[in-house]
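Some notes on the structure that comes next.
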Amino acid sequence: MEDLDGAASGLIRLQEIYKLYPEDIMKEMSLSADEAYHVGLVAYNEDKFQHAFLWFLYSLDTLTEYSAITEEELIQSLIFSAYHFGSLPVAIHFNKLHLNLETFASDPTNDEVRDQLNRLLHSQRTSNPDIFTLNTESSNYEALCRGEVDERTSKRQRALSCRYSTGGGNPRLMYAPVKEEVEWDEPRIIRYHDIISDREIEILKNISRPLLSRSQTGRGTVSNIRVSQSVFLNEDENVARISQRIADITGLRTNTSAERLHVQNYGIGGRYEPHYDSVNDENERIATFLIYMSDVETGGATVFPKVGVALKPKKGSAVFWYNLHKNGNVDLNTEHAGCPVFRGNKWVANKWICEFGQEFSRPCSLSYWE
Ligand SMILES: O=C(O)CCC(=O)C(=O)O
Ligand SMILES: [Fe+2]
């Protein structure tokens, strides 16, 4: 049941962020009238009454003789949710429907009532297209996920560069330099293209699949902040080769001074709400190297709400940034999120690189500003 509620809550989040109707979501998956009703109940319990309303309406539309939920109960639910999101006319309208339904129930052959019901439902649907704007506050995070803002389209991005890098003359990269693109300047976010092959990706996914479990945040809690499946991999030769490549590219040490490679899979509705990667440990996560092991058809961008940047997953590429300033303070602009996946399946692998042991590759600074 907890899983079902989690899945329902994922669908509602998807709906909120991408402004979707249940019909849009049902193009990607199919839910029965009872399941749609359950999603509506979860929305209702989260005080998201407009969303609840839409799910109840969808459930009513797809009701069959095998459904456990009844037309009567659904109309009651529609009345309550309409009342709660502040639309008295809609609530009254469904109340009338409810009264008609009683006549209808006592006389099932009453075609006139049936027609009226259909007509009313239809007018309801077309007369209130702006249901999402009633009281949904849209954050920068959500707008970024929808692709409505991305500061990189401005003049600023034209100043950013793209080049081949040998990791500062690293012998392993001399003959195969990596394609490096600066995605943003402050914080500096770098995209490395084609750093992992499709074959290597398949190997990592195959190792991970049987080990995946519901992701946690902080110290071992499962929550709706992070909805995905993940695993920290042990270093076999395949994993170690990737770690070595990350060290070569970034110039940072990844053997003793990093966490194990963290593989993560997000299904539809899977996401990671805005957060910092730093964990307040003595040996703090100084930098993040995030590898995209899949493209995502729709949704699933990595966004930085404080600076207005959205990074689209591109299979085989990786993005890298420092979470800490050189003086050791957390760079507050590195807050980021994984937007909900709407279409497709998202795979990423994270390497969190820690502070200790990087003194020679990234000297610290006493300056307040660095
Ligand atoms: O999936 C993403 O795009 C971001 C993942 C992330 O931020 C994390 O795992 O810490
Ligand atoms: Fe993160």
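The values are calculated or read from the model by the stated rules, or taken from the named source; none is laboratory data. None of the values given here were measured: they were computed from a predicted structure. Every residue, glycine as well, gets a Cβ built from its backbone with ideal geometry; the counts of neighbours run over all protein chains shown. These accessible areas exclude ligands, DNA and RNA; they are computed on the full protein's heavy atoms, side chains included. Shrake-Rupley method; radii C 1.70, N 1.55, O 1.52, S 1.80 Å.
Pull up the stretch 315-332, narrow it to residues that are under 30 Å from GLU202 (Cα atoms) and open to solvent by 20 Å² or more (accessible area, probe 1.4 Å), then point me to the one that is modelled with the lowest pLDDT. Explain how you work it out, then say what you get.
First, pick out the residues of the stretch 315-332 that are under 30 Å from GLU202 (Cα atoms): 315-323.
Cutting the leftovers down to open to solvent by 20 Å² or more (accessible area, probe 1.4 Å) gives us 315, 322.
Values: LYS315: 98, TYR322: 95.
Among those that are under 30 Å from GLU202 (Cα atoms) and open to solvent by 20 Å² or more (accessible area, probe 1.4 Å), it is TYR322.
So GLU335 passes all but one of these: (1) closer than 27 Å to MET26 by Cα; (2) surrounded by fewer than 22 Cβ atoms within 10 Å (Cβ to Cβ); (3) within 11 Å of ligand 1 (Cβ to nearest atom). Which condition number does it fail?
(1)
In the stretch 288-303, which residues are within 13 Å of ligand 1 (Cβ to nearest atom) and at pLDDT below 95?
Hit for the stretch 288-303 is GLY299, nothing else.
Limited to the stretch 260-280, what total is found for residues that are at negative phi and open to solvent by 50 Å² or more (accessible area, probe 1.4 Å)?
Let us first name the residues in the stretch 260-280 that are at negative phi, namely 260-268, 270-279.
In the following step, the residues that additionally are open to solvent by 50 Å² or more (accessible area, probe 1.4 Å) were identified as 260, 268, 276, 279.
Summing the residues that are at negative phi and open to solvent by 50 Å² or more (accessible area, probe 1.4 Å) in the stretch 260-280 gives 4.
Starting from the stretch 175-203, take each residue that is free of Cβ contacts under 8 Å to residues at least 24 places away in the same chain and list its partners that are basic (Lys, Arg) and open to solvent by less than 50 Å² (accessible area, probe 1.4 Å), counting only C-beta distances under 9 angstrom and pairs at least six apart or across chains.
Partner pairs satisfying both residue conditions: LYS179/ARG191; GLU180/ARG191; GLU181/ARG191; VAL182/ARG191.
Evaluate the following for VAL231: is it among the β-branched types (Val, Ile, Thr), buried (at least 19 other Cβ atoms within 10 Å of the Cβ) and in contact (Cβ under 8 Å) with a residue 60 or more places away in the chain? Even if it seems obvious, please write down each step before you answer.
Working: among the β-branched types (Val, Ile, Thr): yes; buried (at least 19 other Cβ atoms within 10 Å of the Cβ): yes; in contact (Cβ under 8 Å) with a residue 60 or more places away in the chain: no.
So VAL231 fails the test.
Restricting attention to the stretch 322-329, does a residue exist that is within 11 Å of ligand 1 (Cβ to nearest atom) and in a strand (DSSP E or B)?
Applying the first criterion (within 11 Å of ligand 1 (Cβ to nearest atom)) to the stretch 322-329 yields 323.
Going one step further and asking which of them are in a strand (DSSP E or B), we end up with none.
No, there is no match, as no residue in the stretch 322-329 is within 11 Å of ligand 1 (Cβ to nearest atom) and in a strand (DSSP E or B).
For ILE196, only one of the following conditions fails: (1) of a type in the set (A, V, I, L, M); (2) surrounded by fewer than 19 Cβ atoms within 10 Å (Cβ to Cβ); (3) at pLDDT 95 or above. What is its number?
Among (1) of a type in the set (A, V, I, L, M); (2) surrounded by fewer than 19 Cβ atoms within 10 Å (Cβ to Cβ); (3) at pLDDT 95 or above, ILE196 violates only (2).
For the stretch 246-259, which positions are in contact (Cβ under 8 Å) with a residue 60 or more places away in the chain and open to solvent by 30 Å² or more (accessible area, probe 1.4 Å)?
Across the stretch 246-259, the qualifying residues are GLY251, ARG253, THR256, GLU259.
From GLU23, GLU35, GLU16, GLU65, grab the single residue that is in a loop (DSSP other than H, G, I, E, B) and either touching a Phe, Trp or Tyr at 6+ places or on another chain (Cβ under 8 Å) or open to solvent by 10 Å² or more (accessible area, probe 1.4 Å) (or both).
Within the list GLU23, GLU35, GLU16, GLU65, the selection yields GLU65.
Among the residues of the stretch 281-294 satisfying the criterion of being within 16 Å of ligand 2 (Cβ to nearest atom) and among the hydroxyl-bearing types (Ser, Thr, Tyr), which is surrounded by the fewest Cβ atoms within 10 Å (Cβ to Cβ)?
Looking at residues that are within 16 Å of ligand 2 (Cβ to nearest atom) and among the hydroxyl-bearing types (Ser, Thr, Tyr), I get THR288.
In the set LYS326, LYS351, which member is within 13 Å of ligand 2 (Cβ to nearest atom) and not polar (S, T, N, Q)?
On the way: LYS326 fails: within 13 Å of ligand 2 (Cβ to nearest atom).
Going through LYS326, LYS351 in turn, the sole match is LYS351.
Looking at the stretch 36-43, is at least one residue in contact (Cβ under 8 Å) with a residue 60 or more places away in the chain and in contact with an Asp or Glu (Cβ under 9 Å, 6 or more places away or on another chain)? Break it down into steps so the answer makes sense when it comes.
To start, the set of residues in the stretch 36-43 that are in contact (Cβ under 8 Å) with a residue 60 or more places away in the chain comprises none.
Scanning the stretch 36-43 turns up no residue that is in contact (Cβ under 8 Å) with a residue 60 or more places away in the chain and in contact with an Asp or Glu (Cβ under 9 Å, 6 or more places away or on another chain).
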